[in-house]
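Take a look at the structure set out below.
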Amino acid sequence: MKKVFSLISVCFAVLFFISCASIPKAQLQPQERFYWTIEGTSKNGQPSYVHILGTIHMGDDRLYPLPETVMNDFNKSKRVVAEIGSDDMNELELKIVTVMMDSMLKAHGHDLSKELTPEELEFLVNQLGMQTFTVLSRAEPWLITYTLASLQWTNSGLTSEKGIDTVLMGMLRNAGRKWEGLDTIDFQLKVLRYGTYEQQLYMLKDEISELMDTDKSDELMLKMYEAYLNTDLEMMTEVCFDDDEEQAAEMEDLEPEIVEFLVGYNDLILTQRNKSWAEKIKEWLKEGEETFIFAGSAHFLGSESVFEYLKKNGVLPRD
């Protein structure tokens, strides 16, 4: 379950006379690297398509150019959808500043430097610099946790500027096109700030522990990136998710309240979002024409993937 935390770091009317049973099951057609097309039938009986590009949020030149099939579908689709819509992206900077200020208030005078071991404190100062750490240490722990997560990618030689999401959003902006969001910015910020101060502190300490093992953390990041480049869905799933035995062993020695927190966080960051995304895809198929979605690959892998929920709500055939 912790693998999901360290990798990550975010809605429809139907005509009353059309029943789900009257719409043929859609077909999922895998194509290029982490790219799928769902072929369905609209409420008017016309062909409809949802193209899904599973992305990785950091990258380098090896990701490009994107396959011609992907770019053709991207350019011709009537609706384009990212994790966060263009209107929310325009408010992102202001929202983040507001949330950071609020986070300092909600820390209620906590000083993070007093909550850490000398080794943890030295690690954070080395990673962030004393000035940055001093400012963030007065806020809720989630701020440093996600700052560290982004540094983990940067230290691996990858950048957000070369991430597929950033590049595609730039293309849309240059073309004067808006795009819709699978999540709202408020929901994604809710995910970032999930938990009490003590629970967020646990996540921060866990993140520090992972990153202090430099060889292991770098290996994980590079393994994930290579799996993406090689379209290795099995390896990507293994990197992103613990199996049942790993998860059970992981939880065995934890306090009950921490286990409850981790289960709740997993439900929020993955299960609830994937269910919601599946419902949106179902509606876009009914509305017809072509929709192009680009969002984090992990949401389309594993036993609780968006595709699994599309099977449960009758859009895709069960295996």
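The values are calculated or read from the model by the stated rules, or taken from the named source; none is laboratory data. Not measured: the values here are computed from a predicted model. Note that we place each Cβ from the backbone using ideal geometry, even for glycine, and neighbour counts take in every protein chain shown. Keep in mind that these areas ignore ligands, DNA and RNA; they rest on the heavy atoms of the full protein, side chains included. Shrake-Rupley method; radii C 1.70, N 1.55, O 1.52, S 1.80 Å.
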Point to revise | Percent of C-alpha pairs per 5 Å bin, the range 58-114, short to long | key: 4, 12, 12, 13, 15, 12, 10, 8, 7, 5, 3
Check your understanding: By how many nm would the segment from residue 150 to residue 318 lengthen if fully extended, with 0.36 nm per residue of separation less the alpha-carbon distance?
Key -> 56.8 nm
Revision key, fill the gap. Compactness check, the range 80-149: C-alpha Rg relative to the 2.2 N^0.38 Å globular estimate gives 1.33
Review point. When the scattering of the range 173-235 is computed by the Debye formula from its Cα atoms alone, each counted once and equally, what is log10 I(q)/I(0) at q = 0.24 Å⁻¹?
Key: -0.93
Point to revise | Listed residue (131, 101, 148) projecting farthest to the positive dipole end of the range 99-177, Cβ model | key: 101
Exercise for review: Once every Cα of the range 131-207 carries one equal point scatterer and solvent is ignored, give the base-10 log of I(q)/I(0) from the Debye formula at q = 0.11, 0.14, 0.27 Å⁻¹, two decimals.
Suggested key: -0.43, -0.66, -1.20
Practice item. Send over the per residue convex hull volume for the chain, Cα only, as a whole number of Å³. Key: 152
Point to revise | Space enclosed by the convex hull of the alpha-carbon atoms of the range 191-317, per residue, Å³ | key: 141
**Study point:** Reciprocal of mean inverse Cα separation for the range 89-238 (Kirkwood radius, Å)
**Key:** 17.4
Review point. If contacts are Cα pairs under 8 angstrom and at least 6 residues apart, what is the relative contact order of the range 205-319 in percent?
Key: 21
Exercise for review: Just name one of 112, 47, 164: the one whose Cα is farthest towards the positive end of the charge dipole of the chain (beta-carbon charges, Lys/Arg +1, Asp/Glu -1).
Suggested key: 47
Revision key, fill the gap. Put 210, 198 in order of accessible area, largest first, probe 1.4 Å, and you get 198, 210
**Study point:** Net charge of neighbours whose Cβ lies under 13 Å from the Cβ of residue 63, counting Lys and Arg as +1 and Asp and Glu as -1
**Key:** -3
